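See below for the structure under consideration.
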């Protein structure tokens, strides 16, 4: 609780100071590469524009997306350098492939789709070197916390029975809620987070997750259950039991 | 009769696989009587929705009218 509270007070994970100049320097250079028609993005088979006229996508728009995309990639990969690389790849593909969009929303959705593919590729590449089945101490302590919610007969103990969250839709409108949610995601143990985010952010089905990470479907369900319980508890403790802040 | 602990497991799994007819029936019977698990059920659905929205928001976060002073 205190960790999360700290994270919340510290405010949203903002873009590191060096990232902005980096983006300023890199983006024009990259788009020049794209215009020359030898973009790296062609390697991944993303659609590549024949000509660049009428393209509404520009460096500024993509640069503006970058901090959010980096956070999204970092949460899932837990590796800052890899997250930077993956976002960079996605933005290059986006620049190479964009023919023009009917609006920002369409552009954003498209860039996010590219990024999801890149993250999935990065996870696939690394999946051989990670052992998701191994239970870290953090995971064991989550399981103990879960068990502690119940009486010996496996029904809720009165003080830990899940509470009525009222109208949680209200929370979705508040920036502060999303900061708490992000902090809760960051607090998930790495492997638990990986499976949960493959399921909910990359929208893999459990069969795909089992295959990519070489775990049984039973184990996959156990991990997802653990992740959801942890997030449920974290949100209850740090948001719903706090009363919605006035801001 | 399912325990609450088993119900949390089934509610989580219902987001990832189709429950059997029997599991669904047991679940509904339990939920009809148990306020805690009913809340848990709503919270699991909220979590799914929130996660999907979170993903969509990441590509939009730069548009939020937050002055970052970085430009």
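The values are calculated or read from the model by the stated rules, or taken from the named source; none is laboratory data. Because the structure is a prediction, the values reported are computed rather than measured. Heads up, the Cβs are rebuilt from the backbone with ideal geometry, glycines too, and the neighbour counts pull from every protein chain shown.
Annotations for the structure displayed:
- Members of segment A:221-233 found to be facing chain B (nearest Cβ under 8 Å) and either in contact (Cβ under 8 Å) with a residue 12 or more places away in the chain or over 13 Å from residue B:13 (Cβ atoms) (or both), listed by number: A:221, A:224, A:228, A:229, A:231, A:232
- Some residue of segment B:38-46 being under 22 Å from residue A:167 (Cβ atoms), surrounded by fewer than 16 Cβ atoms within 10 Å (Cβ to Cβ) and within 12 Å of the chain's Cα centre (by Cα): yes
- For residue A:184: the one exception among (1) more than 17 Å from residue A:237 (Cα to Cα); (2) surrounded by 14 or more Cβ atoms within 10 Å (Cβ to Cβ): (1)
- Qualifying residue in segment B:15-25 (condition: more than 7 Å from chain A (Cβ to nearest Cβ) and surrounded by 18 or more Cβ atoms within 10 Å (Cβ to Cβ)): no
- Among the numbered conditions (1) more than 9 Å from chain B (Cβ to nearest Cβ); (2) surrounded by fewer than 21 Cβ atoms within 10 Å (Cβ to Cβ), the only one that residue A:203 does not meet is (1).
Let's see how each residue does on (1) touching a residue at least 12 places away in the same chain (Cβ under 8 Å); (2) crowded, with 19+ Cβ neighbours inside 10 Å; (3) within 18 Å of the chain's Cα centre (by Cα); (4) within 12 Å of another protein chain (Cβ to nearest Cβ):
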position	(1), (2), (3), (4)
A:146	yes, no, no, yes
A:153	no, no, no, yes
A:170	yes, no, no, yes
A:190	yes, no, yes, no
A:235	yes, yes, yes, yes
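- Residue, modelled with the lowest pLDDT, within segment A:138-181, restricted to residues that are over 26 Å from residue A:193 (Cβ atoms) and in a helix (DSSP H, G or I): A:170
- In segment B:1-69, counting only helices (runs of 4 or more DSSP H) that sit wholly within it, the ones holding 2 or more residues that are at pLDDT below 95 and under 19 Å from residue A:224 (Cβ atoms) span B:35-58.
- Filter result for residue A:160 (at the interface with chain B (Cβ under 10 Å from one of its Cβ atoms) and out of contact with any helix residue (DSSP H, G or I) (no Cβ under 6 Å at 6 or more places or on another chain)): yes
- Contacts under 6 angstrom Cβ, first residue in segment B:28-41 being without any contact (Cβ under 8 Å) to a residue 24 or more places away in the chain, partner in a helix (DSSP H, G or I), 6 or more apart: B:38/B:31
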